[in-house]
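Written below as structure tokens is the structure these notes are about.
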Amino acid sequence: CAGVCTAMIPRAGLPFWRTFTAPFGRGRQPAVARQLVNEAGFEVGVTMSPEEADRLGLKPFGDGGAANESTPKRPKLYTHGPCASPAAAQFVVPCLGFEDAHEAERRRLAREALRRMRDNGFVVLESLLPQEWVRKLEAEAQSFLSLPQPGLIPQPLRAGRTEGHLSFTAPWASDWLLKNELVLEVIAGYMNNNLAAGRTQEEQQWSLVQWLTSGAHLEWFELCGPKPGQLLETPPPGCSDVGTQDETGPFFGRISLIHTPPGAEPQKHHRDINFPGPAAQVTAQVALTPLEANNGPLAYVPGSHRMLTPGFEVVANPPLGSVVLYDSFCEHRGIEHHGHRDRYAMYYEFETRGVFSGYTATHFGPESESHMQAFRGFVDPELRAWVGRNVSLE
């Protein structure tokens with residue numbers, strides 16, 4: 001989560017990255033930190049030895065920690081399973097048979113999914129992908145994260161999770177998995193925030209103040225295009241370099257696997273990005289292990305992408321083959337894993353140019369950038385076709 005802590009912990013002998021926004025560990029004495037700030041004003045990582053980072057008590061990149069006594073306790077609504085609540089149906093769009101549906105029905109489902117995404121900051125696309133095809137990916141994920149992959153290095157994630165960048169190989173580089181028409185259409189219609197493109201952190205911050213005081217409506221971002229200049233032409237380290245200076249809207253960002261072991265603690269509520277606000281980065285979650293009420297699924301605070309506080313959270317535990325889209329500015333967390341099986345999920349992101357996530361191109365190892373670029377080249381032509389179609393309809 002950008003703004004919480006940023007660090008990189010490769011295997012022995014490789015660079016070790018930290019920023020100094022992370023809290024010091026209990027009993028640790030703070031030391032003078034070597035703080036680096038990129039050209040846009042965001043704090044980025046520095047190189048140090050594992051011993052020095054441990055002495056400073058710094059946490060790994062993305063490790064905002066587990067929930068504690070100060071974490072807000074919100075009632076939970078479950079979308080599926082024995083604990084399912086009828087009230088959670090408003091966050092779910094049934095998509096079984098989408099690929100075989102008539103054109104009019106596919107467009108209706110896309111409009112419905114887009115409406116719920118705008119209202120809530122997330123939407124559950126129930127049974128969108130072939131369940132049996134997804135089921136086969138769990139063993140592939142387990143093998144991928146447990147065996148060394150050339151040039152790719154898994155990283156620790158908050159509250160005991162592990163994240164690793166996927167390689168551009170089968171079965172991950174598959175049309176059915178990454179180029180689903182409904183997903184791309186919703187992404188193209190939803191992501192209209194180009195504030196990060198060419199702007200500093202301070203400029204983005206003041207723009208968000210204007211957005212909040214104007215009513216926090218998503219349509220507000222359509223008035224703010226990229227800002228010409230060096231930051232737009234060459235986004236600095238930690239800021240997304242998707243697309244070009246002449247293009248707006250969403251592009252494919254990066255793709256990863258996350259492993260949640262049994263006994264993993266619940267995460268703190270967090271946003272994956274703070275700037276430039278909503279509709280600038282969206283994550284797609286494809287669970288590869290069947291989700292249950294207590295095996296670490298994600299819980300979302302509906303409307304929090306528009307700064308609403310409904311007082312409850314929605315646990316998305318749909319059947320295998322479902323896709324959950326969520327705005328990275330929407331407050332969420334992984335809940336506790338009380339089950340007995342490892343849980344695996346695939347995540348891939350869409351983002352606009354300049355968004356600061358804290359990730360560098362080689363965060364997941366020296367070869368992760370080439371795989372990331374290959375995935376972008378694979379998905380972007382279809383995604384940008386939907387962006388162009390969406391613009392032509394406005």
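What single numbered condition from (1) within 20 Å of residue 350 (Cα to Cα); (2) free of Cβ contacts under 8 Å to residues at least 60 places away in the same chain fails to hold for residue 209?
Against the list (1) within 20 Å of residue 350 (Cα to Cα); (2) free of Cβ contacts under 8 Å to residues at least 60 places away in the same chain, residue 209 comes up short only on (1).
For a quick check of your reading of the model, give me the residue pairs whose first member lies in region 131-159 and is at positive phi and in a helix (DSSP H, G or I), whose second is open to solvent by 40 Å² or more (accessible area, probe 1.4 Å) and modelled with pLDDT under 95, with beta-carbon atoms closer than 8 Å and at least 6 apart or on different chains.
Taking only residues 6 or more apart or on different chains, the pairs are 159/265; 159/268.
List every residue pair whose Cβ atoms lie under 9 Å apart, where the two residues are 6 or more positions apart in sequence or sit on different chains, the first residue falls within region 91-110 and is under 22 Å from residue 327 (Cα atoms), and the second residue, located anywhere, is surrounded by 19 or more Cβ atoms within 10 Å (Cβ to Cβ) and among the basic types (Lys, Arg).
Close Cβ pairs (under 9 Å, with a partner that is surrounded by 19 or more Cβ atoms within 10 Å (Cβ to Cβ) and among the basic types (Lys, Arg)) amount to 91/116; 92/116; 93/116.
I need the strands (runs of 3 or more DSSP E) fully contained in region 315-354, keeping only those with at least 2 residues that are open to solvent by less than 10 Å² (accessible area, probe 1.4 Å) and at pLDDT 95 or above.
Fully inside region 315-354 and qualifying: 323-327, 343-351.
Would you mind finding the one in 281, 267, 201 that is within 24 Å of residue 187 (Cα to Cα) and touching a residue at least 60 places away in the same chain (Cβ under 8 Å)?
281
Could you check, for region 134-149, whether at least one of its residues is touching a helix residue (DSSP H, G or I) at 6+ places or on another chain (Cβ under 7 Å) and at pLDDT 95 or above?
Taking every residue of region 134-149 in turn, none turns out to be touching a helix residue (DSSP H, G or I) at 6+ places or on another chain (Cβ under 7 Å) and at pLDDT 95 or above.
Is it true that some residue in region 180-196 is outside any loop (DSSP other than H, G, I, E, B) and closer than 20 Å to residue 357 by Cα?
yes
What number of residues within region 155-178 are open to solvent by 40 Å² or more (accessible area, probe 1.4 Å) and out of contact with any Lys or Arg (no Cβ under 9 Å at 6 or more places or on another chain)?
The total comes to 7.
If the Cβ limit is 8 Å and pairs must be 6+ apart or interchain, which residue in region 350-369 that is over 16 Å from residue 251 (Cα atoms) and touching a residue at least 24 places away in the same chain (Cβ under 8 Å) pairs with which residue that is surrounded by fewer than 23 Cβ atoms within 10 Å (Cβ to Cβ) and acidic (Asp, Glu)?
Correct list of pairs: 364/163.
What number of residues within region 355-388 are open to solvent by less than 10 Å² (accessible area, probe 1.4 Å) and polar (S, T, N, Q)?
Count: 1.
The values are calculated or read from the model by the stated rules, or taken from the named source; none is laboratory data. This is a predicted model, so every value here is computed, not measured. Please note: Cβ atoms are built from the backbone with ideal geometry, for glycine as well, and neighbour counts cover all protein chains shown. These accessible areas exclude ligands, DNA and RNA; they are computed on the full protein's heavy atoms, side chains included. Shrake-Rupley method; radii C 1.70, N 1.55, O 1.52, S 1.80 Å.
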